[in-house]
Amino acid sequence: QIPDRLENGDVDEKAWSKLTNIDDILILSDLAVSKGNQAAAACVLEYLNYWAENDSFIVDNECRINGDHWEHGYDRSNFANGVLAIPYLQIRNAPKLDQDKKSEVLSWFEALYLCNRTRAEGMLMDAEKNGLGPHNQLYPALLAVATTSIVLDKIDEFNWAIAKYKQAIETISEDGTALNEVTHKKGWTLHYHTLIVNFAVHISL
């Protein structure tokens, strides 16, 4: 699983260093599609099948309409786009792939799709309820719906994701800011300021 972010939003570099070989799947899928390398294609499928067997990158509490959409799903959405969907799309038409493993990978992609679709729907509901518009984490979530829809040949779902993406972009102001983001950052600034004041009062006492 992708390591959770630290409380201040930073990345745990020690935990992430264990995933340094994750680039291998990107290199191999590029090799498979550019050179027709069958061994590389088979290796990409092995990577994906291993993750599929372990239900990787699917976290139940992020996959519900009222789940923890803001926790760490941002990283997992980006992984679904760049490290999972694209490599699969590059090797899916390679001949001589193990069909049983390919079937298992596609079943896993179905679960990835459902999780990202649910996350995106939850974020859209939040944006409508709070009246502030979409949060920036909505964009990778919608893109993850789009990329996994391509993998699964879900044309209607792809069109839904792109339509919602375009609608979200239209809420961005002319100066490039989004009301939700501006409000969110102000909230954290106020929270941080309050902590500093409380700390100063405590020290003075």
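The values are calculated or read from the model by the stated rules, or taken from the named source; none is laboratory data. Just so you know, these numbers come straight off a predicted model, no measurement behind them. Virtual Cβ from ideal backbone geometry, glycine too; neighbours counted across all protein chains shown. For accessibility, only protein heavy atoms count, side chains too; no ligands or nucleic acids. Shrake-Rupley method; radii C 1.70, N 1.55, O 1.52, S 1.80 Å.
Return the residues of segment 117-145 that are touching a residue at least 40 places away in the same chain (Cβ under 8 Å) and either on the phi > 0 side of the Ramachandran plot or among the polar types (S, T, N, Q) (or both); say none if nothing qualifies. Before the answer, list the steps.
Looking only at segment 117-145, we keep the residues that are touching a residue at least 40 places away in the same chain (Cβ under 8 Å), and these are 117-127, 130, 132-137, 140-141, 143-144.
Correct list: Thr118, Asn130, Gly133, Asn136, Gln137.
What are the pairs with Cβ atoms under 9 angstrom where one residue, in segment 89-103, is under 17 Å from Trp51 (Cα atoms) and the other, located anywhere, is in a loop (DSSP other than H, G, I, E, B)? Sequence gap at least six, or different chains.
Ile91/Leu97; Lys102/Arg92
Checking Glu62 against (1) surrounded by 19 or more Cβ atoms within 10 Å (Cβ to Cβ); (2) at pLDDT 90 or above; (3) out of contact with any Pro (no Cβ under 8 Å at 6 or more places or on another chain), only one condition comes out false. Which one?
Status for Glu62: all satisfied but (2).
List the number of the failed condition for Gly176; all other conditions in (1) in contact (Cβ under 8 Å) with a residue 24 or more places away in the chain; (2) over 14 Å from the mean Cα position of the chain (by Cα); (3) part of a loop (DSSP other than H, G, I, E, B) hold.
So the condition that Gly176 fails would be (1).
Answer yes or no: is there a residue in segment 150-158 that is closer than 18 Å to Asn49 by Cα and among the β-branched types (Val, Ile, Thr).
As a first pass, look at segment 150-158 and keep what is closer than 18 Å to Asn49 by Cα: 151-152.
Retained after the next criterion (residues that are among the β-branched types (Val, Ile, Thr)): 151.
Yes, that holds for at least one residue.
What number of residues in segment 146-157 are free of Cβ contacts under 8 Å to residues at least 60 places away in the same chain and under 18 Å from Gln90 (Cα atoms)?
So the first thing to find is which residues in segment 146-157 are free of Cβ contacts under 8 Å to residues at least 60 places away in the same chain, and the list is 146, 149, 152-157.
Add one more test, that the residue is under 18 Å from Gln90 (Cα atoms), and what stays is 146, 149, 152-154.
Residues flagged as free of Cβ contacts under 8 Å to residues at least 60 places away in the same chain and under 18 Å from Gln90 (Cα atoms) within segment 146-157 amount to 5.
Considering only residues that are open to solvent by 50 Å² or more (accessible area, probe 1.4 Å) and within 26 Å of Ser173 (Cα to Cα), which ones fall in segment 96-125?
Glu121, Met125
Return yes or no: is Tyr192 modelled with pLDDT under 95, part of a helix (DSSP H, G or I) and touching a Phe, Trp or Tyr at 6+ places or on another chain (Cβ under 8 Å)? Let's see the steps before the verdict.
Values: modelled with pLDDT under 95: yes; part of a helix (DSSP H, G or I): yes; touching a Phe, Trp or Tyr at 6+ places or on another chain (Cβ under 8 Å): no.
Spelling it out, it is not the case that Tyr192 is modelled with pLDDT under 95, part of a helix (DSSP H, G or I) and touching a Phe, Trp or Tyr at 6+ places or on another chain (Cβ under 8 Å).
Looking at the structure I just gave you, is Ala15 at pLDDT 95 or above, farther than 21 Å from Ala146 by Cα and not polar (S, T, N, Q)?
no
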